[in-house]
Amino acid sequence: MRIKNICCIGAGFVGGPTMAVIALKCPDLKITVVDINKKKIDLWNGDLDQLPVYEPGLSKIISKVRGVNLFFSTEVDKEIERAEMIFMAVNTPTKKEGEGKGYAADLKFIERCAKQIAEASKSDKIIIEKSTLPVRTAEKIKNILSVNKKKNINFEVLSNPEFLAEGTAINDLFKSDRVLIGGENTTSGLMAIDTLVKIYSTWIPRERIITTNVWSSELTKLVSNAMLAQRISSINSISALCEKTGANIEEVSKATGMDSRIGSSFLKASIGFGGSCFKKDILNLVYISRHYGLNEVANYWESVVNINNYQTERIGELVINALDYQNINKTVTILGWAFKKNTNDSRESASIYLANKLLSNNITIHIYDPMVKESLIREDIINILKENNIENEEIKLRLSRVTVFTNPYDCIKNSSIISLCTEWDEFVEYDWKKIFKIMSDPKYVFDGRNLLDKLYLESLGFRTFFIGKS
Ligand code: UDX
Ligand code: UDX
């Protein structure tokens, strides 16, 4: 099938940047990203410095391709019909109710998309799962497509999971370690795989494009995320041991990672991993394993999430203990709300869990993040309080103890503790002498990212806590 028009359903952190890069690399393709959220589409069509996704390098690409061969629209049916290839990049959150609650992926958006594709299509299409999905979802999608289709047309379903990391999305898309495409071993399945391979091979070396069966592709995405998260939980578990024994986690991590069999990436101890993928995908893996009666396998992977929760909890506990004196100003500054630097995404950020813990202990919090908007920070806090069944009146009361600042020094002023949660580069550049002067006692810095210079801060008079350094 010759592809001229691509439609991507879902203009989020995955759909937006991925389609921008395909549009840049394949000027002959016309790509339209559609979304049911009109506000989001308006932002994609609006000011380049107000795009709904912040990624280094993204706005420059958008400025080149938008209106040329990349378009953003809310006309979902029309764009589905026009396209020969459709990417599904809608979100797949963890289920909040029903069978699999708290573990399984909620496929309602994917199912709705599949139904809409079936109903709006008048010609053959290649459908691509971009969203992270449980193994065997392609089968489900195929069933929905065939039950709801209006004409005798053929749908080929491929799995093409996205491995980009937020904050480095553009670079990851330009130079992917691998592109994975799963499809059926039938004549039409192999032709569909070949069509997608051709698109990626415009800029990705052919040997990095791997083709597999659909189930391997779907499972690989879950396993890749689980393995990355497992390394962080492993090193975080050791960070607690370092604090007891006097070993230094950075030395341990460096020396361990220098073994080429182990490798150095994803061994940075932190207050806990966040982001929309790791926790969700591991819980999904846990659910699937339990479903097949593999309880030991499920428990093994669940412990990765448990250690992550433990790490955030125990650091929160230490912050609270540091405030456990009479006559001190119980105000904590949370520096950084994003789940990692260089993104405006805060999903599953450790700062949300920390804020919740501090607020439930009557502590006042000041928050500063260079990229995350105040409206999102407040929404995150309201959501976590609701998830913890806090009543509306109490939510209001707790929110009255939260102030979000646009200037870091105003934020820190009169706080007695700084808890650094995101590794934004600018935090290193701050005038820490000035910060020492404007803080209240005990002038404690909890560095949840081991970002700052411990000895320097201590030489200025700060008390400090760095992860895995006693
Ligand atoms: C992606 C993946 O798709 C998800 O499976 C993965 O685990 C994380 O990354 P992401 O792009 O980060 O999701 O999600 P988000 O930024 O929330 O974007 C999804 C978009 O889909 C939203 O803008 C939402 O409005 C849109 N959507 C959702 C639709 O257009 N139609 C729907 O039916 C549902
Ligand atoms: C992850 C995967 O890396 C990516 O391949 C997949 O497509 C989506 O999920 P993302 O969540 O965007 O990407 O960012 P990532 O860089 O993996 O970081 C996830 C979390 O782990 C962040 O909170 C980060 O700060 C934390 N982290 C990462 C650590 O705490 N230590 C590390 O050594 C690495």
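Observations on the structure shown:
- Picking from residues in region 87-121 that are among the β-branched types (Val, Ile, Thr) and under 23 Å from the mean Cα position of the chain (by Cα), the one that is nearest to Asn148 (Cα to Cα) is Ile110.
- Residue among Asn361, Asn383 that alone is within 16 Å of ligand 1 (Cβ to nearest atom) and either on the phi < 0 side of the Ramachandran plot or not aromatic (Phe, Trp, Tyr) (or both): Asn383
- Filtering Thr312, Thr343 for residues that are open to solvent by less than 30 Å² (accessible area, probe 1.4 Å) and outside any loop (DSSP other than H, G, I, E, B) leaves a single hit, Thr312.
- Verdict on Phe155 being away from ligand 1 (no atom under 13 Å from the Cβ) and closer than 22 Å to Phe13 by Cα: no
- Test: Asn236 is within 11 Å of ligand 2 (Cβ to nearest atom), buried (at least 19 other Cβ atoms within 10 Å of the Cβ), touching a residue at least 12 places away in the same chain (Cβ under 8 Å) and not in a loop (DSSP other than H, G, I, E, B): yes
- When region 424-450 is limited to residues that are surrounded by fewer than 20 Cβ atoms within 10 Å (Cβ to Cβ) and within 29 Å of the chain's Cα centre (by Cα), the one that is nearest to Gly274 (Cα to Cα) turns out to be Asp425.
- Filter result (out of contact with any Lys or Arg (no Cβ under 6 Å at 6 or more places or on another chain) and either within 16 Å of ligand 2 (Cβ to nearest atom) or of a type in the set (A, V, I, L, M, F, W, C) (or both)) within region 145-159: Leu145, Val147, Ile153, Leu158, Ser159
- Which listed residue is away from ligand 1 (no atom under 16 Å from the Cβ), among the hydrophobic types (A, V, I, L, M, F, W, C) and surrounded by 15 or more Cβ atoms within 10 Å (Cβ to Cβ), from Val305, Val297: Val297
- Looking only at residues of region 134-152 that are within 28 Å of the chain's Cα centre (by Cα) and assigned to a loop (DSSP other than H, G, I, E, B), we find that the one that is farthest from ligand 1 (Cβ to nearest atom) is Arg136.
- Among the conditions (1) within 14 Å of ligand 1 (Cβ to nearest atom); (2) under 21 Å from Thr168 (Cα atoms); (3) of a type outside the set (D, E, K, R), Ile9 misses just one, which is (2).
- So Glu75, is it under 18 Å from Lys125 (Cβ atoms), within 15 Å of ligand 1 (Cβ to nearest atom) and surrounded by fewer than 16 Cβ atoms within 10 Å (Cβ to Cβ): yes
- Cross-chain or 6+ apart pairs with Cβ under 6 Å, region 14-31 first and open to solvent by less than 10 Å² (accessible area, probe 1.4 Å), then away from ligand 2 (no atom under 16 Å from the Cβ) and part of a loop (DSSP other than H, G, I, E, B): Ala23/Asn69
- Qualifying residues in region 259-280 (those that are away from ligand 2 (no atom under 15 Å from the Cβ) and not polar (S, T, N, Q)) - the one surrounded by the fewest Cβ atoms within 10 Å (Cβ to Cβ): Arg261
- Top-ranked residue in region 200-223 [being surrounded by fewer than 18 Cβ atoms within 10 Å (Cβ to Cβ) and in a helix (DSSP H, G or I); ranked as modelled with the lowest pLDDT]: Trp215
- Condition met for Ser400 (within 20 Å of the chain's Cα centre (by Cα) and hydroxyl-bearing (Ser, Thr, Tyr)): no
- The condition of being surrounded by 16 or more Cβ atoms within 10 Å (Cβ to Cβ) and within 22 Å of the chain's Cα centre (by Cα) holds for only one of Ile395, Ile365, Ile377, Ile390, that being Ile377.
- Options Leu107, Leu196, Leu180, Leu164: the member that is in contact (Cβ under 8 Å) with a residue 40 or more places away in the chain, within 14 Å of ligand 1 (Cβ to nearest atom) and surrounded by 14 or more Cβ atoms within 10 Å (Cβ to Cβ): Leu164
- Taken over region 1-13, the criterion of being under 12 Å from Pro52 (Cα atoms) and buried (at least 24 other Cβ atoms within 10 Å of the Cβ) is satisfied by Ala11, Phe13.
Here is a yes/no grid of residues against (1) more than 13 Å from ligand 2 (Cβ to nearest atom); (2) in contact with a strand residue (DSSP E or B) (Cβ under 8 Å, 6 or more places away or on another chain):
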| residue | (1), (2) |
| --- | --- |
| Glu218 | yes, yes |
| Leu222 | no, no |
| Asn225 | no, no |
| Arg231 | no, no |
| Ala240 | yes, no |
| Glu243 | yes, yes |
| Glu251 | yes, no |
| Ala255 | yes, no |
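The values are calculated or read from the model by the stated rules, or taken from the named source; none is laboratory data. Just so you know, these numbers come straight off a predicted model, no measurement behind them. Neighbour counts run over all protein chains shown; Cβ positions are idealised from the backbone, glycine included. Ligands, DNA and RNA are stripped out before the accessible areas are found, and what is left, the full protein with its side chains, is counted by its heavy atoms. Shrake-Rupley method; radii C 1.70, N 1.55, O 1.52, S 1.80 Å.
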